[in-house]
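Here's the structure, in structure tokens; my notes come after.
The values are calculated or read from the model by the stated rules, or taken from the named source; none is laboratory data. Just so we're clear, the structure is a prediction, and the values are computed from it rather than from any experiment. Here Cβ is always computed from backbone atoms with ideal geometry, including for glycine, and neighbour counts include all displayed protein chains.
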């Protein structure tokens, strides 16, 4: 429990750091570029307003564009606006998913051959969550002078919309927007030098803080796709931020495989989710005057306990050479599976099947599945 509480505290701390970084970055641009506030405000409002199934907003928001400043400023501004939108969407619910390390590893190694139905988009339990990784994933800068420790990812929606009569373009929205067509993933990592020393941001943060790098991709579900195809398409759309930051052939497969598999797991019928109760509840007055507190949701901790118990069983029952004892059971990879349910089997759901243990019973060669008690959503 102590480690679990420590994990939750770390997740809350990372969420607070990312929020502070985005707010200071936006404030910086609002200060140095006159009139840029309208651009930020209209972009955020366009993402927060709901859209119909065709991507048309139910409330028209006047769009503002920016053509001043240097090319570098305009490029940076586009990324800061994206940061502000992801942050604003997250602040609507302030949900942070904290993942059990062993569940995270099992999900990352899961089979990716399953075809994912389009309906998956409607199954994410909480809107616009921030997912904190139990361990950072390192992405090396091409010149190998810097590296990025990717520690979390913002999940938002993406839709196709029309701006001022122009052709359809992709825009950010809530994951629970009626017009959503896919997810956008904004990975956030702390930057350090090749020796692991933190690099301090030079953007005037007070107090100083470690530099952050944000990288982006999107996952479109306009048609059923296999998990492997979703990962491949996400790699094609990957944007490394202001620079080319990372080695696609080395870093992306691990990062995207884990992120995509985790999203499918979160949308499954038997995902293991457990909200953590806040130590102090807000009074009615606080709810009116203070921001909603961060909601930590533990992911896969009951599953993780069973995976650790099984690993211990394996260690304790390893085959001793020359004794003739039966080899210890081994575990197949976890995988997702679709099921047709409902009247006429018209609906499709996903269930996550955890590692299947073989040769569990002495003298019995049949395959058995160890049931995992998760939280089933109605």
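Examine the stretch 123-134 for a residue that is in a helix (DSSP H, G or I), touching a residue at least 24 places away in the same chain (Cβ under 8 Å) and closer than 30 Å to residue 88 by Cβ, and state whether such a residue exists. Full working, then the answer.
Of the stretch 123-134, the ones in a helix (DSSP H, G or I) are 123.
Those still in the list that are touching a residue at least 24 places away in the same chain (Cβ under 8 Å) too: 123.
Those left that are additionally closer than 30 Å to residue 88 by Cβ: 123.
Looking for residues that are in a helix (DSSP H, G or I), touching a residue at least 24 places away in the same chain (Cβ under 8 Å) and closer than 30 Å to residue 88 by Cβ, one finds at least one in the stretch 123-134, hence yes.
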Looking at the structure I just gave you, is residue 208 modelled with pLDDT of 85 or more and more than 20 Å from the chain's Cα centre (by Cα)? no
Could you list, in sequence order, all residues of the stretch 233-263 that are over 17 Å from the mean Cα position of the chain (by Cα) and either at pLDDT 65 or above or not in a loop (DSSP other than H, G, I, E, B) (or both)? 236
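Listed residues 55, 93, 69, 25; which is at pLDDT below 80, outside any helix (DSSP H, G or I) and buried (at least 17 other Cβ atoms within 10 Å of the Cβ)?
Values: 93 fails: at pLDDT below 80; 69 fails: buried (at least 17 other Cβ atoms within 10 Å of the Cβ); 25 fails: outside any helix (DSSP H, G or I).
The match here is 55.
Against the definition (closer than 18 Å to residue 186 by Cβ, modelled with pLDDT under 85, touching a helix residue (DSSP H, G or I) at 6+ places or on another chain (Cβ under 7 Å) and buried (at least 22 other Cβ atoms within 10 Å of the Cβ)), how does residue 85 come out, yes or no?
On the way: closer than 18 Å to residue 186 by Cβ: yes; modelled with pLDDT under 85: no; touching a helix residue (DSSP H, G or I) at 6+ places or on another chain (Cβ under 7 Å): yes; buried (at least 22 other Cβ atoms within 10 Å of the Cβ): yes.
It is false that residue 85 is closer than 18 Å to residue 186 by Cβ, modelled with pLDDT under 85, touching a helix residue (DSSP H, G or I) at 6+ places or on another chain (Cβ under 7 Å) and buried (at least 22 other Cβ atoms within 10 Å of the Cβ).
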The stretch 272-323: number of residues that are in a loop (DSSP other than H, G, I, E, B) and modelled with pLDDT under 90: 18
